[in-house]
1. Give me the residue from region 23-57 that is basic (K, R) and touching a residue at least 12 places away in the same chain (Cβ under 8 Å) and, out of that set, farthest from A13 (Cα to Cα).
2. Can you name every residue in region 39-59 that is within 12 Å of Q28 (Cβ to Cβ) and loosely packed, with under 14 Cβ neighbours inside 10 Å?
3. Just one of V30, V39 is under 11 Å from the mean Cα position of the chain (by Cα) and closer than 17 Å to A79 by Cα; which is it?
4. Considering only region 1-36, state which residues are part of a loop (DSSP other than H, G, I, E, B), of a type in the set (D, E) and within 20 Å of R98 (Cβ to Cβ).
5. Report yes if T16 is surrounded by fewer than 15 Cβ atoms within 10 Å (Cβ to Cβ) and either aromatic (F, W, Y) or within 21 Å of Y82 (Cα to Cα) (or both), otherwise no.
6. Name the residue that is nearest to D11 (Cα to Cα), counting only residues in region 74-88 that are free of Cβ contacts under 8 Å to residues at least 24 places away in the same chain and surrounded by 12 or more Cβ atoms within 10 Å (Cβ to Cβ).
7. Check every one of the strands (runs of 3 or more DSSP E) wholly within region 51-99 and list those with 1 or more residues that are among the basic types (K, R).
Amino acid sequence: MLSKRFFKTKDEAEVTFEFSHPDAQEVQLVAEFTDWQPVAMKFNKKQRCFKLKQRLPNGQEFHFRYLIDGTTWDNDHQADGYVANNFGTENSIVNTQRV
């Protein structure tokens, strides 16, 4: 799940990435804005999900995926959209356009 917070005085949005998986020991966010390098997400025991906050420039779209336990790929099932990738699957999209 994605949640976004826009700032009045900054040209960026704070995006919170949330991902739940019943058997995951670790989840990493892999995205264009990380140069496709995995970034560990923190597990929130109370909400029973993995979370990561990232500031991104407004008015753009970024591709991303989640890597579960270093072996399994998954998308955000509530992403802003999806696009085919070169591996025969799809990437999730986060859009930072103000609505």
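1. In the first step, residues of region 23-57 are kept if they are basic (K, R); the result is 42, 45-46, 48, 51, 53, 55.
Filter once more, keeping what is touching a residue at least 12 places away in the same chain (Cβ under 8 Å): 48, 51, 53, 55.
Details: R48: 25, K51: 16, K53: 10, R55: 6 Å.
Filtering first and then ranking leaves R48.
2. Scanning region 39-59 gives A40, K42.
3. Working: V39 fails: closer than 17 Å to A79 by Cα.
Selected residue: V30, the only one of V30, V39 that is under 11 Å from the mean Cα position of the chain (by Cα) and closer than 17 Å to A79 by Cα.
4. Filtering region 1-36 for residues part of a loop (DSSP other than H, G, I, E, B) gives 1, 7-11, 20-26, 35-36.
If we keep only those that are of a type in the set (D, E) too, we end up with 11, 23, 26, 35.
Hit for region 1-36 is D11, nothing else.
5. Working: surrounded by fewer than 15 Cβ atoms within 10 Å (Cβ to Cβ): yes; either aromatic (F, W, Y) or within 21 Å of Y82 (Cα to Cα) (or both): yes.
Yes; evaluated as a whole, the condition is true for this residue.
6. Per the stated criteria, the residue is G81.
7. Details: elements: 61-68, 72-74, 81-84, 90-95.
Answer list for region 51-99: 61-68.
Read the figures in this text as sums done on the coordinates, not as results from a lab. All values reported here derive from a predicted model rather than from experimental measurement. Positions of Cβ are generated from backbone atoms using ideal geometry, with glycine treated the same way; all protein chains shown enter the neighbour counts.
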